[in-house]
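For reference, the structure is listed below as C-alpha cells.
Derivation of every value follows stated rules applied to the coordinates shown; laboratory data play no part. Everything numeric in this text was worked out from a predicted model, so none of it was measured. Glycine gets a Cβ as well: all are built from the backbone with ideal geometry, and neighbour counts include every protein chain shown.
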Amino acid sequence: MLVAPSILSADFGKLAEDVKAICEGGCDLVHVDVMDGHFVPNLTIGPVVVEAVAKAATKPLDIHLMVENNSFFVDLFAPLKPGYISFHIEEEKHPHRLIQKIRSYGIRPAITLNPHTPPEAIEFLLEDLDMVLLMSVNPGFGGQKFISNVLERAKRLKTLIEKRNPKCLIEVDGGVSDKNIELLKEAGVDVVVAGSFVYKHPEGVKTAIKALKE
C-alpha cells in the first residue's frame with residue numbers, strides 16, 4: 001500500500017518541517033489539496049505555498065484539484081513538476097483534452113470521483129489515466145467520517161481497470177485509518193490519502209505511516 005499523507009492536516013506554521021517529517025517517515029507521495037472556494041466551499045493554497053512544499057519534499061507531489069477552470073490550474077502548478085495532478089470529472093467538460101494537457105507537461109494524469117459518481121462514468125478514459133482517485137468523504141474539508149460505499153466502488157473500478165488499463169492505480173481519500181486500511185486493500189486500492197490519521201497520530205507521523213503500510 002502506498003501512502004500519500006495530506007498536508008491539509010499539517011501545521012501551516014511549520015509546513016516545511018511537517019512536509020520533511022512525512023518524507024523521512026516513509027510516505028510515498030505528498031498529497032496537496034487545492035481548493036478554490038467555488039467547486040468546494042473552502043479555500044486552501046496556491047502556487048507560492050505549493051512551491052515551498054515542493055522544495056521541502058523529497059517525495060513526488062500528488063496535487064488534487066478541487067476547482068473550477070481546471071485547465072488554468074494545471075498551467076499554474078505544472079512548473080512545479082508534481083508526480084500526479086488529479087481533477088474532478090464532475091467539473092470537467094473536456095476530460096480527454098485535459099488528460100492530454102497534463103501528460104504533455106510530463107505529469108501523470110488522474111481523475112477524481114466524488115462519492116456519488118459511479119466508476120463507469122470514466123470507463124472510456126481509463127486507458128489514458130495513470131490513477132483514479134475515489135473520494136471516501138465529500139470533498140472540501142479534512143477530518144470527515146469515512147463513507148464505506150467506496151469499498152464497493154473500488155471493486156467495480158478494479159474490474160474496469162483490469163479490462164481497460166491494468167497499470168492504472170486506485171487511490172482513496174477521506175477518513176482513512178488503520179481501522180479500514182485492510183478493507184481498502186482487499187477492495188483493490190493501491191494508494192491511500194490520510195491527513196488526520198497521520199498528522200494527529202499520538203505516536204507521530206512515522207508510526208502512523210508504518211501502521212497503514214503494514
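Name, by its number, the condition in (1) within 13 Å of the chain's Cα centre (by Cα); (2) surrounded by fewer than 22 Cβ atoms within 10 Å (Cβ to Cβ); (3) not in a loop (DSSP other than H, G, I, E, B) that does not hold for Arg156.
(1)
Which number in (1) buried (at least 18 other Cβ atoms within 10 Å of the Cβ); (2) assigned to a loop (DSSP other than H, G, I, E, B); (3) touching a strand residue (DSSP E or B) at 6+ places or on another chain (Cβ under 7 Å) marks the one condition that Pro115 misses?
Only one criterion is unmet by Pro115, namely (1).
Ser148 - would you say it is surrounded by fewer than 21 Cβ atoms within 10 Å (Cβ to Cβ) and of a type outside the set (D, E, K, R)? Can you show your working first?
Working: surrounded by fewer than 21 Cβ atoms within 10 Å (Cβ to Cβ): yes; of a type outside the set (D, E, K, R): yes.
Here the answer is yes, as Ser148 does meet what is asked.
Can you work out which of the residues in the stretch 102-112 that are part of a helix (DSSP H, G or I) and of a type outside the set (Gly, Ala, Ser) is nearest to the chain's Cα centre (by Cα)? Let's see the steps before the verdict.
First pass over the stretch 102-112, keeping only residues part of a helix (DSSP H, G or I): 102-104.
Remaining after also requiring of a type outside the set (Gly, Ala, Ser): 102-103.
Values: Ile102: 15, Arg103: 17 Å.
Looking at the filtered set, the residue picked out is Ile102.
Go through (1) without any contact (Cβ under 8 Å) to a residue 40 or more places away in the chain; (2) surrounded by 19 or more Cβ atoms within 10 Å (Cβ to Cβ) one by one and return the number of the condition Ala78 breaks.
Exception for Ala78: condition (2).
Report, by residue number, each residue of the stretch 165-214 that is of a type outside the set (Gly, Ala, Ser), over 19 Å from Val150 (Cα atoms), in contact (Cβ under 8 Å) with a residue 12 or more places away in the chain and not in a helix (DSSP H, G or I).
So in the stretch 165-214, the residues of a type outside the set (Gly, Ala, Ser) come out as 165-173, 176, 178-186, 189-193, 197-203, 205-207, 209-210, 212-214.
Those still in the list that are over 19 Å from Val150 (Cα atoms) too: 165-167, 198-203, 205-207, 209-210, 213-214.
With the extra rule that they be in contact (Cβ under 8 Å) with a residue 12 or more places away in the chain, the set shrinks to 165, 167, 198-200, 205-206, 209-210, 213.
Answer for the stretch 165-214, where residues must be of a type outside the set (Gly, Ala, Ser), over 19 Å from Val150 (Cα atoms), in contact (Cβ under 8 Å) with a residue 12 or more places away in the chain and not in a helix (DSSP H, G or I): Asn165, Lys167, Lys200.
For a quick check of your reading: which strands (runs of 3 or more DSSP E) sit entirely within the stretch 10-101 and have at least 1 residues that are among the polar types (S, T, N, Q)? Outline the logic, then answer.
Numbers: elements: 30-35, 61-66, 84-88.
By residue number, 84-88.
If you go through the stretch 87-112, how many residues are under 14 Å from Ser71 (Cβ atoms), among the hydroxyl-bearing types (Ser, Thr, Tyr) and surrounded by 15 or more Cβ atoms within 10 Å (Cβ to Cβ)?
Residues meeting the conditions: 1.
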